[in-house]
1. Search the structure for amide H atoms under 5 Å from the amide H of residue 172, placed 1.01 Å from N in the peptide plane, and list their residues when 5 or more places away or on another chain.
2. Could you please state, rounded to a whole Å, how far the C-alpha centre of region 120-147 is from the C-alpha centre of region 192-208?
3. Which FRET efficiency, nearest 0.05, do residue 114 and residue 169 yield, Cβ-Cβ r, R0 30 Å?
4. What list of ³J(HN,Hα) values in whole Hz, one per residue of region 117-123 in order, does the Karplus curve 6.51 cos²θ - 1.76 cosθ + 1.60 (θ = phi - 60°) give from phi, with Gly and Pro shown as x?
5. In nm, to one decimal, how far is the modelled label at residue 127 from the one at residue 101, with both set 7 Å along Cα→Cβ?
6. Please give the length that would be gained between residue 38 and residue 65 if that part of the chain were fully extended, namely 0.36 nm times their separation in residues minus their C-alpha to C-alpha distance (nm, one decimal).
7. Based on the mean of other Cβ atoms within 10 Å per residue, sort peptides 182-189, 128-135 so the most packed one is first.
8. Using a 10 Å cut-off on Cβ atoms, rank the peptides 43-51, 68-76, 154-162, 172-180 from the highest mean neighbour count down.
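Please treat every number below as a calculation from the coordinates, not as lab data. Quantities reported herein were computed from a predicted structural model and do not represent experimental measurements. In this analysis, Cβ positions are derived from the backbone assuming ideal geometry, glycine residues included, and neighbour counts consider all displayed protein chains.
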Amino acid sequence: MRSHSFKFQTTLSRKNCSKLAGFLSVLWICGCGVSAPERLEFTSLGDTPRTFPTADGYSTYSLDLANTSFISSDLSSEQLQTTTGDSAELFGYVLHVELLWIPLAGKTAIDPEATNISIRLIVFSGHEVGIYGGGGFAWPKGEPGEEEYGVDIVGSNATLLAATNGFKDLLSPAQLSGRLRSKLNEAQTKQTRRAASQIVTNALKRVQWVGPRANEMQKQALNTTPEVDNSNFVLR
């Protein structure tokens, strides 16, 4: 199994964050678009800013009812599907971005408080796992159903939602920005989402959803499903 080394690097100062917020505000007033950084990465906004870059890996998308589901990971679906039980050890990440609605260029203003994407980042660090979640704003690039489709994420927020006891949170609060490009592959997208959900469910001993309508599904699971007492619990 290929290991992944996480390196957090200082890249963004509070002064730069203020400039970015001001820049987005001006664009919101003008109703204009804004280009996303070429590299997709999470940047912490704490006292010691760090970045979590996403590596070149597996990136696919699927069309789910009215929404589009993007999944990106430096772990193959085979690696994720064969990892089960409390002794599972992984180094890598799974990122899920759900496009909730499509803005119209020249008509949709960028409101700093607006969100049209839902974000989930799963970070695997050995036997530990952390789940980050939040929302943001993105412009679609391409047309849904094309072989390659993606989004330019220009603003977002994310924080740690759940983690195993030994997981070290170096990101919260954080923002995701950059370009996400994916290949159309509904089967692989769904396999990766389900495998990631299964691993974090096993690790945390309670149901965790990674995918479309994650917040809604999470609430339903909390109301209907007891805590998981064994590492082989299977999501249905």
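1. Answer set, sorted by chain and number: 160.
2. 15 Å
3. Details: r = 26 Å, r/R0 = 0.88.
Given R0 = 30 Å and the Cβ-Cβ separation, E is 0.70.
4. 9, 10, 10, 9, 10, 9, 10
5. Going by the 7 Å Cα→Cβ label model, 4.6 nm.
6. Working: separation 27, 0.36 × 27 = 9.72 nm, distance 2.88 nm.
Extending this stretch completely gives an extra 6.8 nm.
7. Numbers: 182-189: 17.5, 128-135: 21.2.
Peptide ranking by packing, descending: 128-135, 182-189.
8. On the way: 43-51: 16.1, 68-76: 22.9, 154-162: 18.8, 172-180: 20.4.
Final packing ranking: 68-76, 172-180, 154-162, 43-51.
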